[in-house]
Structure formats: C-alpha cells, structure tokens
Amino acid sequence: MEILSTSDSDLEKAAAALAGGLLVAFPTETVYGLGADAFNPSAIARIFEAKNRPHFDPLIIHIAEMEALFRVINTAKLNDAAKERLSVLSQKLWPGPLTLILPKRNEIPGLATAGLPTAAVRFPSHPAAQKLILLSTGAIAAPSANPFGCLSPTRAEHVKAMLGEKADYIIDGGKTLVGIESTVLDLSRDPPRILRPGGTPREAIEALIGAVELSLPFLDKTQENNATPLSPGQLKSHYAPRTPLVLYRRGELASLTGLPGESREGREGREGRLFFTAPQNAAREDSAPGKSSPETRILSKTGDLREAAANLFDMLHELDSLGLHLIRAEEAPENGLGIAINDRLRRAADRG
Ligand code: TXA
Ligand code: MG
C-alpha cells in the first residue's frame with residue numbers, strides 16, 4: 001500500500017492503478033471511499049473481500065460528469081415524474097452528498113449492485129475525487145473505506161489503520177468536510193424514499209421535489225420483521241466503534257452524576273463523553289479529586305449541525321482509539337442533519 005497526495009501526477013498514478021484492476025481509497029466530501037473501476041467485475045469483487053462486506057450489500061457508483069450518468073443508468077425505464085425528479089435533483093444538489101437509486105444499465109456488473117435491477121449513483125463535490133473519476137473510466141464503484149460494520153473513515157489515517165494493505169493506494173486529502181455519508185434516495189419508486197439519511201437534509205430534497213418517505217431502522221418498527229432490509233444501509237448495528245456506546249437524550253448526559261455500578265471505583269477504567277453541544281451544567285462529580293475525569297468531546301460548541309456532522313466520525317474514531325471502557329453520547333436535535341447524526345449514533349449504540 002502506498003499513500004498518495006492529491007497532486008495531478010499522483011492522481012494519474014491512482015487512475016492507472018484503477019485501470020489495472022487495483023483498489024484506490026480516495027477522499028470525497030462525505031467520507032473516504034474504497035474505489036474500483038465500476039466496469040471491472042473482478043476489481044469490484046476485491047472490494048467485497050477487502051471490506052469483508054456481504055455480497056448482498058450494493059455499492060455506490062461515483063461519476064463526475066452528467067454524460068457518465070447515462071452510461072450507468074437506464075432512463076428509458078423511468079416514468080416522466082421520475083425523469084423530472086432526476087433532472088431537478090441532479091441540477092440543484094449535484095455535485096454533493098446525495099446518492100440516487102435508479103434503474104441500472106447492463107454494462108454495470110451485477111456484483112456492484114448485489115444483483116438488484118437498480119444502481120446507486122453519486123456525483124461527489126470533492127475536487128480530487130472528481131479528477132480521479134475523470135482520469136478513470138468515468139465511473140468508480142466505491143463503498144466507504146472501512147471494514148463492514150465499522151466507523152466510516154474521515155481521514156486517510158483511518159483508512160490506513162482499518163484497511164492497511166487491503167487498499168493498494170490511499171489518496172490523502174485531509175479531513176473530509178461533510179463528515180457523514182451521503183443521503184441515499186430511491187428514485188425508482190413513487191413516492192421516492194430516503195433509505196439512509198445523510199449529508200443532504202430531507203428538507204433540501206423536499207423543497208425541490210415535494211414529499212418523500214423516510215425509512216429509519218430505529219423509528220420504523222415494521223422494519224424489524226423484514227428478513228432482508230430494503231437497503232443494507234438499514235442494518236441496525238453498523239458504523240460502530242469497538243468501545244461500547246450508550247446513547248442519552250439531549251441534556252441528560254450533562255446532568256449525569258453518580259452512575260450506579262459504573263466508574264465508582266475506577267475499576268473499569270476511564271470513559272468517554274460525546275456531547276452534541278457544550279454542556280450547560282456539567283456534573284461536578286467529574287472534577288472531584290482522585291477521580292479520573294472522562295475524555296470529553298463536543299461535536300459543536302455552538303450547536304451547529306453542519307459542524308457536528310463533520311466531527312461525528314472523527315471524534316468517535318478518536319475516542320475509540322483511547323482504550324476507554326465506555327463512551328456515553330448524547331443525541332442531536334431531530335431535524336436537518338441531526339436526523340443523520342442520530343441515525344449513526346443509534347446504530348453505534350446498538351450491539352444486537
Ligand atoms: O457518502 C457516501 O455515500 C460514501 C462515499 C464514499 O461516497 N459511500 C458510502 O458507501 O457510504 P456505502 O457502500 O458505505 O453505502 C452505500 C449505501 C448502502 O447502505 C447500500 O445498501 C446502499 O447505499 N445502496 C447501494 N446501492 C443500492 C441499491 N441499488 N438499492 C438500495 N440501496 C443501495
Ligand atoms: Mg459504509
């Protein structure tokens with residue numbers, strides 16, 4: 001494995017590797033992806049091996065110009081309403097953290113879409129991602145560059161630590177800006193449905209195309225009876241740190257004092273706290289002499305949802321690396337990007 005920069009010559013090297021069927025981890029504005037040429041089935045098979053990802057979980061195909069969209073998806077299979085939605089969303093929200101599910105073309109290997117008749121397509125806004133895609137066949141299949149079920153990577157260092165030699169190259173573009181994965185919107189059905197909340201808030205989509213459905217594993221109890229999730233991103237236990245995580249409602253974490261049976265004698269070691277915003281009334285007990293204070297991180301001191309989303313995986317990776325026995329986190333407000341933040345926190349807290 002070799003670390004590359006985002007210089008033109010390094011991106012050319014990475015594109016040549018993709019053409020040769022190798023795997024290249026690259027930055028996008030959301031999280032790092034582990035890329036393979038979308039038209040090369042054996043390269044795609046290597047992604048599943050590297051991530052230890054079940055073959056029923058389809059990948060996102062990344063494009064960097066609209067012409068490439070029509071080599072991935074088959075618009076002839078869309079009705080007029082769906083065509084109109086695609087046109088509006090792609091003009092207004094691409095490039096950006098929005099993935100669209102649409103009928104696929106035969107040229108896209110079935111392995112990339114887990115045998116589904118649809119493909120997930122996204123036009124990322126990260127300049128290095130765009131350059132890499134344009135230097136390649138124009139379509140890169142890439143899931144997040146983490147082992148299946150683990151926290152998504154927001155830095156090249158996370159990819160290196162989690163995948164190591166399983167990636168042939170890692171392009172280091174620094175910390176990602178959005179920090180949370182794209183919103184996955186199924187445009188192949190009527191009304192469209194959000195299969196995974198993410199970096200594009202539902203409100204931004206609905207302002208353009210009207211009401212969409214939202215399917216969340218933790219809020220939609222009917223999902224529990226489904227043997228196969230609609231989108232494997234709906235698997236409940238996902239995006240999980242190795243350290244056990246307990247989730248609190250907003251405000252409850254700040255008022256925690258004496259926690260029965262835990263941390264009392266320091267036997268279990270230190271714990272971490274992940275606040276959405278600066279706690280108003282931090283428990284005084286934390287600063288009591290002789291007691292180790294918890295490792296505390298604040299997603300956004302001003303309560304800004306964008307900043308909080310950008311810090312979420314980054315701070316979880318950091319807390320997870322400290323050898324803590326427990327992380328206590330609090331929920332974000334349940335609106336805008338807060339929906340995606342809470343979705344990831346609930347999955348991280350679910351050990352089942
Ligand atoms: O921001 C992102 O979306 C990042 C960056 C790298 O682009 N990628 C990412 O990929 O998060 P991944 O593979 O971790 O998540 C893709 C999600 C999964 O939940 C998958 O089940 C869903 O998209 N998906 C892909 N194709 C689908 C399809 N045809 N129908 C329904 N869901 C699909
Ligand atoms: Mg993922």
Residue check, ALA167 modelled with pLDDT of 95 or more, farther than 24 Å from LYS77 by Cα and either surrounded by 24 or more Cβ atoms within 10 Å (Cβ to Cβ) or more than 13 Å from ligand 2 (Cβ to nearest atom) (or both): yes
LEU195 at negative phi, away from ligand 2 (no atom under 16 Å from the Cβ) and not hydroxyl-bearing (Ser, Thr, Tyr): no
Matching residues in the stretch 105-114 - criterion: being within 16 Å of ILE47 (Cα to Cα) and either within 20 Å of the chain's Cα centre (by Cα) or not aliphatic (A, V, I, L, M) (or both): PRO109, GLY110, ALA112, THR113, ALA114
Qualifying residue in the stretch 229-247 (condition: more than 16 Å from ligand 1 (Cβ to nearest atom), open to solvent by less than 80 Å² (accessible area, probe 1.4 Å), over 22 Å from the mean Cα position of the chain (by Cα) and modelled with pLDDT of 90 or more): no
So ARG273, is it in contact with a strand residue (DSSP E or B) (Cβ under 7 Å, 6 or more places away or on another chain) and either of a type outside the set (Gly, Ala, Ser) or at pLDDT below 80 (or both): yes
Enumerated helices (runs of 4 or more DSSP H) restricted to the stretch 117-225, each holding at least 3 residues that are out of contact with any Phe, Trp or Tyr (no Cβ under 6 Å at 6 or more places or on another chain) and within 14 Å of ligand 1 (Cβ to nearest atom): 127-135, 156-163
Residue ID - nearest to ligand 1 (Cβ to nearest atom), chosen from residues in the stretch 1-43 that are β-branched (Val, Ile, Thr) and over 20 Å from CYS150 (Cα atoms): THR6
Count of the stretch 325-345 residues which are farther than 14 Å from GLY198 by Cα and either surrounded by fewer than 22 Cβ atoms within 10 Å (Cβ to Cβ) or not aliphatic (A, V, I, L, M) (or both): 6
Looking only at the stretch 29-84, and only at residues there that are open to solvent by less than 20 Å² (accessible area, probe 1.4 Å) and of a type in the set (Ser, Thr, Tyr), the one that is nearest to SER5 (Cα to Cα): TYR32
Unique residue being without any contact (Cβ under 8 Å) to a residue 60 or more places away in the chain and among the charged types (D, E, K, R) when the list is LYS51, LYS13, LYS83, LYS92: LYS83
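The values are calculated or read from the model by the stated rules, or taken from the named source; none is laboratory data. Treat the numbers as computed from the prediction; the structure is a model and nothing was measured. Counting neighbours? That spans all protein chains shown, and the Cβs are built from the backbone with ideal geometry, glycine included. SASA here: full protein model, heavy atoms, side chains in, ligands and nucleic acids out. Shrake-Rupley method; radii C 1.70, N 1.55, O 1.52, S 1.80 Å.
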